[in-house]
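We did not get these values from a lab; they are worked out from the coordinates using the rules stated. What you are looking at is a predicted structure, and each value in this text was computed from that prediction instead of being measured.
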Amino acid sequence: MAAVDLYWLPLGAGGSFVRLNGRVFEAVAARVQGRPARDLYHAALQVELPEGTYVVEQTPVPDRSGERRGVVAGGAVGSRRAGRFRIFRYEIRVWLGGSISDVAEAVDSPVRLSDDERCARTVLAAVPRVPTPAWGRDELDAGEMWNSNSVIAWVLAASGLNVDSIHPPADGRAPGWHAGVAVAARLRGADAAAR
């Protein structure tokens with residue numbers, strides 16, 4: 001029994017502050033790019049294995065008990081200097097027995113990406129290696145900001161899954177997704193060159 005499932009969560013599901021900021025961000029981005037505004041989505045993974053179900057997600061740091069949530073990495077939000085304070089930090093989880101908050105609001109989800117146990121274990125093994133640049137910045141010169149979607153896209157691409165066939169729900173966008181794909185492609189290229 002194994003599965004890798006992708007969930008598309010509306011940005012700000014369950015919280016009006018993030019939802020409002022997301023709408024403002026998208027309205028400005030759409031105007032600058034000369035296109036209609038779209039719904040924004042945040043990606044998360046659920047990985048099922050014989051020993052249990054894992055949640056893979058990037059989130060704000062709620063407290064100092066990260067080990068209970070399977071935190072394997074983290075980084076700063078906005079700027080590295082501000083990252084000294086917990087409120088300006090994010091965490092990346094591989095949480096056995098965890099849950100995706102607001103999963104009930106997920107759209108066109110779950111998307112089954114694999115039912116192969118080896119693939120599921122490869123996905124989990126990739127998570128601790130994910131880059132951790134400052135959230136909301138393009139420190140890796142990927143062409144767009146790094147965020148939770150970048151983390152999930154990087155993990156999937158680094159695991160060898162076909163990310164080209166993955167798209168957010170109709171009329172939606174997943175800002176940061178392409179940054180994760182681009183950075184993972186660079187890693188694969190560097191590995192191939194080293195071989």
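The convex hull around the C-alpha trace of the range 42-195, projected and averaged over every direction, spans 9.9 square nanometres.
A cut-off of 5 Å between modelled amide H atoms, ignoring neighbours fewer than 5 places along the same chain, links V61 with R89, E91. Dividing the helix sum by the residues of the chain, where each DSSP H run of 4 or more adds -39500 (n - 2.57), gives a mean residue ellipticity at 222 nm of -9500 deg cm²/dmol.
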